[in-house]
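In what follows, a structure is listed as structure tokens, so that the remarks can point back to it.
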Amino acid sequence: MATTAGVYRNGNHSRNSQSTNNNKAEKPLSFNPNPKNSLKSKSLPGSGLRRSAPSSLGTAKDDTGVPGRVRVAVRLRPRNEEEMVADADFADCVELLPEVKRLKLRKNNWDSDTYEFDEVLTEFASQKRVYEVVAKPVVESVMDGYNGTVMAYGQTGTGKTYTLGRLGEEDTSARGIMVRAMEDILADVSQETDSVSVSYLQLYMETIQDLLDPTNGNISIVEDPKSGDVSLPGASVAEIRNQKSFVELLRLGEAHRFAANTKLNTESSRSHAILMVHVKRSFKGRDSILSSETGNNPHMAKSLKPPIIRKGKLAVVDLAGSERIDKSGSGGHTLEEAKSINLSLSALGKCINALAENSSHVPIRDSKLTRLLRDSFGGSARTSLVITIGPSPRHRGETASTIMFGQRAMKVENMLKLKEEFDYKSLSRRLDIQLEKLIAEHEKQQKAFENEIERVTTEAKLQISESERTYAVELEKERLNNQKEYMESIKKLEEKWMMNQQKHAGGENIAGLKDESSNWISNGEDSRVANMEELSEMKTKLQKETLLRKAAEVEVNKLKSQLAELKKSEASAKSDISKLQKKLEDEACQKEKLEGEIAILQSQLLQISFEADETARRIDKGWYEKVPGSLDSLMLQVRQPQNNDSGNGEKASIAKLFEQVGLQRILSLLEAEDVDVRIHAVKVVANLAAEGFFLVLYQHFASASFYGQHQLIQNCASSDIPSKTNQEKIVEAGGLKSLLMLLRSSKDETIHRVAAGAIANLAMSETNQELIMAQGGIRLLSMTAGSAEDPQTLRMVAGAIANLCGNDKLQMKLRGEGGIKALLGMVRCGHPDVLAQVARGIANFAKCESRASTQGTKNERSLLIEDGVLPWIVQNANNEASPIRRHIELALCHLAQHEVNAKDMISGGALWELVRISRDCSREDIRTLAHRTLTCSPTFQAGMSRLGIDY
Ligand code: ADP
Ligand code: MG
């Protein structure tokens, strides 16, 4: 990126040259020795405003710019056939010395004046070389994000159009600067991230005509009070994707120019042709710049790298012939007409003179051409001028004046400035996507983890129950065995005992049993031994049994310890679960933080745009002196958030505002006498209505250090706060009523705009929508829609109505009170943002209707069709701007859901659009909806076969 003059690829503006020319009045290549103090920057109010743009908006450059003088080349046309004959005996009036970049203009046979130029192009110079020295450096600057101008000046017939506008279709070496420039641009841009678009215009008699759309007759120039940039919002803009379409566009423009000139009886040599090429390029964000700008917020520096957008604008200007009007044979003009025809060119000459002489007044506003080219001379663009001359001595006078013009232009110093800004919108989009990805990832992880836990738990339970079962079975088996063995032993003992009894019972009665037994003992030594054996056998058995029982006990213990082990692993799984849950909570917390930051960014953006507005007003009106004392410092705090280092400053100042004045007080200021106070109060309310601010505020109140005695703070600190939004507070305190009242009573456009913005924000909630309707809001919004002119006001109003359109309950009332007509009326403004809101409103309304018709609560034709919306939506269904197109495509699909609408839609041409949508809408859901509708509806089917659409 070029931050110093030295980095400039083609900037050789410090070329030192000892001029040897003998011209006294003109001093070629005499530079302004001190360009920073040059009066040019003073003469451009735009440059002062640009400087005041808040740095937090992300202008990644300091605003001083790079000095860059206007470069001037001279090109000599070869003698044409007529001159070969007529001037055969005479020498050319000029002699070129290209090696030393000088030109000699003959005074007479022995004397001549010498002039030095940046480039001297002889009659043999090829178109390629002319492009490379004159235009290529400018095109490269445009690609780097600067504005650039290439302009041809000279007498009619000397080759301006030849140099700039030749298409060279039959002979590619003849291609002029326009075609070659576009070739270089297209080769350098990325089709995905960048865009190239052109407008092609003709300026004649102070009227700008659109060469791409001849019906577009009188286009006005709009100057951005903030940046000083000029634009032509009424001009057609064609997106350029390839060289072929561009050449076709140029040919179309030429044809229109020819037709227009025939119709108006204009000579094309008296009109200026202007080609505007807009190049918008997007670059990935850079860490270094951000971390230095957001030094006190390291988190932001890490995660927020907004892409940078560079917007370069190339103007290629084929000026009208520089000869005086009476000489060009344009008889038949009245003096007034002649003046008007010459006005722009002579104003250009005057401006260049003033700039060359460092005059304190540069009459930029005198003509449309100078207004349009304010950036090209003494502005921030890189400018290259080619002056064309013929060789004929008969035109020596014109040639001399052309050369003088070029010499003066060489003294004009511009300050090149990079047109670069951060693309916060796409950053916010990117963050949203990132956030969604993170959430999805966490959900996935959590799910997987829950599944794993479930699996482990079931497995453990299964193992436990299996072990318990085996244990029970084993135990039972063991018990039965033991019992059996025991019983058997008992039985055996009994048998033995019985046997012994029987042995001793022989011959003696039972009463002598005692004797018998003593007999048995004394007499039967053998049997006693046998008994002893029996006993020891029993003992062994008992021991065996004891051992078995012990083994079983060991088995039981083993199983028990296994059970304990399983329980332990279950517990550790549980602790894992809780750890993961904690992690999940942390992530949720992180997400919340990110959301907060997005909200802060959005609110900063809002605040910054308000701030920029204010700065402009302040410069215009010297506002500070007018604010009444008590509010002074507060308003200043609100209006100067960038004085603090970071977003925290803003939070603090809004919070401070609450602390010191309170919502009621702010609302009461909505009715203040002083318009400025009123405007600021509306802005503060609008800020609060934008929900993002609430978060900021709440966080601030929640911090332990913040305790105030004001009621509002107590309210905020109470537990119900997170559910109670700013919007509710504003509505409760009567803020909605006050905002609506401002729409009715105020005549100030800024108030209308900001109040409508706040109402649009409030109208996002269903409750508020009903309140707005009940308080006659739609009538007031419609009234504002009818009278407002500023596109931003209209966008806010359209946004508010669009929100109301999405409420099923309010359909009849909204339409009855003229809401749809008002919405449709706003398309007159033509601004794409407004059109997008209108289209959104229509889509919302159509959606509610289609819902009602599917529920059977609506049988009549669509109110949108009744109110004449159809022609506009058919006309814009294929609008280039995707937000507009997308809403309209949706609206058409919704309308088509209801068979009663079909006939009107067919006769209004909507069927073609539906077919197109069903085939090539880039959004699959809309495509499918359109396709389904077309195949299901008998009326559409019949319509298609009648129109010969093969579906
Ligand atoms: P201008 O736009 O300044 O009125 P044109 O570009 O229409 O002039 O040129 C007038 C005529 O001179 C055209 O026929 C053009 O082809 C021819 N011409 C101009 N410059 C050259 C050149 N450098 N070489 C050859 N022919 C030229
Ligand atoms: Mg021409």
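The values are calculated or read from the model by the stated rules, or taken from the named source; none is laboratory data. What you see is a predicted model, and the numbers here were worked out from it, not measured in a lab. Virtual Cβ from ideal backbone geometry, glycine too; neighbours counted across all protein chains shown. Keep in mind that these areas ignore ligands, DNA and RNA; they rest on the heavy atoms of the full protein, side chains included. Shrake-Rupley method; radii C 1.70, N 1.55, O 1.52, S 1.80 Å.
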When you go through (1) open to solvent by 10 Å² or more (accessible area, probe 1.4 Å); (2) within 16 Å of ligand 2 (Cβ to nearest atom) one by one for LEU211, which number turns out not to apply?
(1)
Pairs only if they're at least six apart or on different chains, beta carbon under 9 angstrom, first in region 154-166 and without any contact (Cβ under 8 Å) to a residue 60 or more places away in the chain and open to solvent by 20 Å² or more (accessible area, probe 1.4 Å), second part of a loop (DSSP other than H, G, I, E, B) and more than 8 Å from ligand 2 (Cβ to nearest atom); list them, first residue then second.
ARG166/ARG175; ARG166/GLY176
Working only within region 903-930, note down all residues that are open to solvent by 70 Å² or more (accessible area, probe 1.4 Å) and over 31 Å from the mean Cα position of the chain (by Cα).
LYS903, SER907, TRP912
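Of everything in region 267-287 that's more than 22 Å from the chain's Cα centre (by Cα) and at pLDDT below 85, which residue is farthest from ligand 1 (Cβ to nearest atom)?
Start the filter on region 267-287 by keeping residues that are more than 22 Å from the chain's Cα centre (by Cα), which leaves 267-276.
Pick out the ones that are also at pLDDT below 85 and you get 267-269.
Values: GLU267: 10, SER268: 8, SER269: 6 Å.
Here the residue is GLU267.
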Mind listing whichever residues of region 224-263 are open to solvent by less than 50 Å² (accessible area, probe 1.4 Å), closer than 22 Å to ALA881 by Cα and assigned to a loop (DSSP other than H, G, I, E, B)?
LEU232, GLY234, ALA235, SER236, ILE240
For region 811-822 the number of residues that are part of a helix (DSSP H, G or I) and open to solvent by 10 Å² or more (accessible area, probe 1.4 Å) is 7
Between a first residue in region 80-101 that is within 9 Å of PRO391 (Cβ to Cβ) and a second residue that is open to solvent by 60 Å² or more (accessible area, probe 1.4 Å) and away from ligand 2 (no atom under 16 Å from the Cβ), which pairs have beta carbons less than 6 Å apart while being 6 or more apart in sequence or on different chains?
CYS93/ARG106; CYS93/ARG396
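For the structure I just gave you, tell me whether THR122 is without any contact (Cβ under 8 Å) to a residue 60 or more places away in the chain, within 20 Å of ALA400 (Cα to Cα) and within 16 Å of ligand 1 (Cβ to nearest atom). Steps first, answer last, please.
Values: without any contact (Cβ under 8 Å) to a residue 60 or more places away in the chain: yes; within 20 Å of ALA400 (Cα to Cα): yes; within 16 Å of ligand 1 (Cβ to nearest atom): yes.
When the stated conditions are applied, THR122 passes them.
Could you list, in sequence order, the residues of region 132-142 that are open to solvent by 10 Å² or more (accessible area, probe 1.4 Å) and closer than 20 Å to SER376 by Cβ? Don't jump to the end; show me each part of the working.
Initial filter on region 132-142 (open to solvent by 10 Å² or more (accessible area, probe 1.4 Å)): 132-133, 136-137, 140.
Result: VAL133, LYS136, PRO137, GLU140.
Residues checked against (1) in a helix (DSSP H, G or I); (2) under 19 Å from SER945 (Cβ atoms):
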position: ILE873; (1), (2): yes, no
position: ASN879; (1), (2): no, no
position: ARG885; (1), (2): yes, no
position: VAL900; (1), (2): yes, no
position: ASP904; (1), (2): yes, yes
position: LEU914; (1), (2): yes, yes
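Based on this model, can you work out whether GLU192 counts as among the charged types (D, E, K, R), out of contact with any Lys or Arg (no Cβ under 6 Å at 6 or more places or on another chain), free of Cβ contacts under 8 Å to residues at least 40 places away in the same chain and more than 16 Å from ligand 1 (Cβ to nearest atom)? Steps first, please.
Working: among the charged types (D, E, K, R): yes; out of contact with any Lys or Arg (no Cβ under 6 Å at 6 or more places or on another chain): yes; free of Cβ contacts under 8 Å to residues at least 40 places away in the same chain: yes; more than 16 Å from ligand 1 (Cβ to nearest atom): yes.
So GLU192 passes the test.
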Residue count, region 140-156 (criterion: away from ligand 1 (no atom under 16 Å from the Cβ) and under 14 Å from VAL317 (Cα atoms)):
3
Cβ-Cβ distance below 9 Å, separation of 6 or more or different chains: which pairs start in region 841-856 with a residue that is more than 24 Å from LEU794 (Cβ to Cβ) and hydrophobic (A, V, I, L, M, F, W, C) and end on one that is assigned to a helix (DSSP H, G or I) and open to solvent by 50 Å² or more (accessible area, probe 1.4 Å)?
ALA852/ASP808
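If we scan region 840-849, do we find a residue that is assigned to a helix (DSSP H, G or I), under 30 Å from the mean Cα position of the chain (by Cα) and more than 21 Å from GLU817 (Cα to Cα)? First the steps, then the outcome.
So in region 840-849, the residues assigned to a helix (DSSP H, G or I) come out as 840-849.
Then drop every residue that is not under 30 Å from the mean Cα position of the chain (by Cα), which leaves 840-848.
Next cut, more than 21 Å from GLU817 (Cα to Cα) only: none.
Within region 840-849 (the criterion being assigned to a helix (DSSP H, G or I), under 30 Å from the mean Cα position of the chain (by Cα) and more than 21 Å from GLU817 (Cα to Cα)), the answer is no, since none of the residues qualifies.
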Region 763-786, subset assigned to a helix (DSSP H, G or I) and either among the acidic types (Asp, Glu) or touching a Lys or Arg at 6+ places or on another chain (Cβ under 7 Å) (or both), residue most open to solvent (accessible area, probe 1.4 Å):
GLU766
When you check TYR204 against the structure, is it within 16 Å of ligand 2 (Cβ to nearest atom), modelled with pLDDT under 95 and surrounded by 16 or more Cβ atoms within 10 Å (Cβ to Cβ), yes or no?
yes
Could you say which residue among ASP92, ASP111, ASP118 is over 30 Å from SER190 (Cα atoms), buried (at least 22 other Cβ atoms within 10 Å of the Cβ) and more than 16 Å from ligand 2 (Cβ to nearest atom)?
ASP118
Residues in region 355-385 that are free of Cβ contacts under 8 Å to residues at least 60 places away in the same chain and out of contact with any Phe, Trp or Tyr (no Cβ under 9 Å at 6 or more places or on another chain) total 5
With the requirement that a residue be open to solvent by less than 30 Å² (accessible area, probe 1.4 Å), acidic (Asp, Glu) and farther than 19 Å from LEU835 by Cα, what does region 848-899 give you?
GLU849
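Among the strands (runs of 3 or more DSSP E) lying completely within region 147-223, list those that include at least 2 residues that are hydrophobic (A, V, I, L, M, F, W, C). Walk me through it before giving the result.
Values: elements: 148-154, 195-204, 207-210.
Qualifying strands (runs of 3 or more DSSP E): 148-154, 195-204.
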Those residues of region 415-465 which are in contact with a helix residue (DSSP H, G or I) (Cβ under 8 Å, 6 or more places away or on another chain) and β-branched (Val, Ile, Thr), in sequence order
ILE439, ILE453, VAL456, THR457, ILE464
Can you list residue pairs whose Cβ atoms sit under 7 Å apart, with the first residue in region 386-400 being over 15 Å from ASN80 (Cβ atoms) and the second being among the acidic types (Asp, Glu)? Count only pairs 6 or more apart in sequence or on different chains.
GLU398/GLU323
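What is the residue count in region 787-810 for residues that are in contact (Cβ under 8 Å) with a residue 12 or more places away in the chain and open to solvent by 20 Å² or more (accessible area, probe 1.4 Å)? Show your work before the answer.
Step one: filter region 787-810 for residues in contact (Cβ under 8 Å) with a residue 12 or more places away in the chain, giving 788-810.
Still in the list and also open to solvent by 20 Å² or more (accessible area, probe 1.4 Å): 789-792, 795-796, 803, 806, 808-809.
Here the count works out to 10.
For residues that are touching a residue at least 60 places away in the same chain (Cβ under 8 Å) and buried (at least 22 other Cβ atoms within 10 Å of the Cβ), scanning just region 167-184, find the one that is farthest from ligand 1 (Cβ to nearest atom).
Only one residue fits best here, namely MET182.
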